[in-house]
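A quick write-up on the structure given underneath.
Derivation of every value follows stated rules applied to the coordinates shown; laboratory data play no part. Values in this document were obtained by computation on a predicted structure and should not be read as measured data. Neighbour counts are summed over all protein chains in view; Cβ atoms, including those assigned to glycine, are modelled from backbone coordinates with ideal geometry.
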Amino acid sequence: MGFTLQLIVLLGLSGGLLMGADVSACPDGWAKHGERCYMFFNDKKTWCEAESHCVEQGGNLFSLHTPEDADFVRNVVLSATGARTATWLGSHDSVQNNCWLNSDGSKFDFQAWGPGEPNNYGGKEGCMELLGQPINDISCSIKAAFICARSLEVMDD
């Protein structure tokens, strides 16, 4: 009888720990990367249309902060499409030239642009895209694939 009582107490304590635990997860269809969830979309949209789509999904376009973030996105795109595919990212300088902002409100701190970028070629390049290796500024009105990011969800069990 002593063993049975110990087992009941142990199971009760374990269940209590699990019930109070917070679990971070991504919504269905989203994958985890670091402290964010992401989803790649291969349908072509302008930067504004892509950002609006991400907002409808509860996120924003994926903002780069490190060269590792860029490598991660590059690998996601290559894995999904099998090719170098122009892909919108979450940064723009459309409010003021050379004053880059992230659509998710995070600090713009990405510095690993492609050679000579951003160059605002023709005075019309205000949005960030990834095309294979280089990170580039390009016209926000072209249509490209895009990658959204959102915060992890905390679920109470």
Please give, to one decimal in nm, the separation of the simple spin-label points placed at His33 and Thr81, each 7 Å out from Cα toward the Cβ. 1.4 nm
Using only C-alpha atoms and all pairs of different ones, pull out the Kirkwood radius for region 43-157 in Å with one decimal. 14.3 Å
Neighbour-count order for His92, His53, fewest beta carbons within 10 angstrom listed first: His53, His92
Normalise the Debye intensity by I(0) for region 74-136, one equal point scatterer per Cα, no solvent, then take log10 at q = 0.26 Å⁻¹ and round to two decimals. -1.17
Amide hydrogen neighbours beyond the local backbone of Gly132, cut-off 5 Å, H modeled: Thr85
